[in-house]
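In what follows, a single structure is set out as structure tokens and then discussed.
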Amino acid sequence: MERAVLVYTTWPSIVEAEAAGRAIVEKRLSACVNILPGMISHYWWQGKIERAEETVMIFKTRAALAEAVRAAVKAAHSYDTPAIMVLPVESLDAAYHQWIVSETGG
């Protein structure tokens, strides 16, 4: 059984996130994307602490597609160094797992 993974990313705006998220789901690289606007980030950038309002996106996909999702995010992203993290899923409902696999062409 192929593993499911979550791909976590952040975006500078909901508009940019929605456009990229929809395109990635349309390509069937991900069965679903959750977009959560309104996140506040504090982070180090070029020697100083920055603050930004960002949008979180979480893709639900198969492990075999994680690299393709990463590449699609990087291609669509306006940040020089976007946050892209592939997170393993330890456990999930069997029917939901099957839905992810079937909607991503697996």
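The values are calculated or read from the model by the stated rules, or taken from the named source; none is laboratory data. None of the values given here were measured: they were computed from a predicted structure. Neighbour counts run over all protein chains shown; Cβ positions are idealised from the backbone, glycine included. All accessible areas refer to the heavy atoms of the entire protein, side chains included, with ligands and DNA or RNA removed. Shrake-Rupley method; radii C 1.70, N 1.55, O 1.52, S 1.80 Å.
Listed values, structure above:
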{"item": "Subset of region 82-99 (residues that are open to solvent by less than 90 Å² (accessible area, probe 1.4 Å) and assigned to a loop (DSSP other than H, G, I, E, B))", "result": "Pro82, Ala83, Val89, Leu92"}
{"item": "Set Lys27, Lys74, Lys60, Lys48: member being of a type in the set (Lys, Arg) and open to solvent by less than 50 Å² (accessible area, probe 1.4 Å)", "result": "Lys60"}
{"item": "Evaluation of Glu53 against (1) over 12 Å from Trp11 (Cβ atoms); (2) open to solvent by 50 Å² or more (accessible area, probe 1.4 Å) (one fails), failing number", "result": "(1)"}
{"item": "Count of region 1-42 residues which are under 19 Å from Pro88 (Cα atoms) and of a type in the set (Asp, Glu)", "result": "1"}
{"item": "Matching residues, region 66-81, being in a loop (DSSP other than H, G, I, E, B) and under 18 Å from Gly21 (Cβ atoms)", "result": "His77, Ser78, Tyr79"}
{"item": "Tabulated pairs, region 48-62, first over 30 Å from Ile100 (Cβ atoms) and in a strand (DSSP E or B), second open to solvent by 20 Å² or more (accessible area, probe 1.4 Å) and of a type in the set (Phe, Trp, Tyr), C-beta under 8 angstrom, 6+ apart or interchain", "result": "Ile49/Tyr43; Glu50/Tyr43; Glu50/Trp44; Ala52/Tyr43"}
{"item": "Failed condition for Tyr43, given (1) open to solvent by less than 70 Å² (accessible area, probe 1.4 Å); (2) within 11 Å of Thr10 (Cβ to Cβ)", "result": "(1)"}
{"item": "Check on Val33, open to solvent by less than 60 Å² (accessible area, probe 1.4 Å), touching a helix residue (DSSP H, G or I) at 6+ places or on another chain (Cβ under 7 Å) and at pLDDT 95 or above", "result": "yes"}
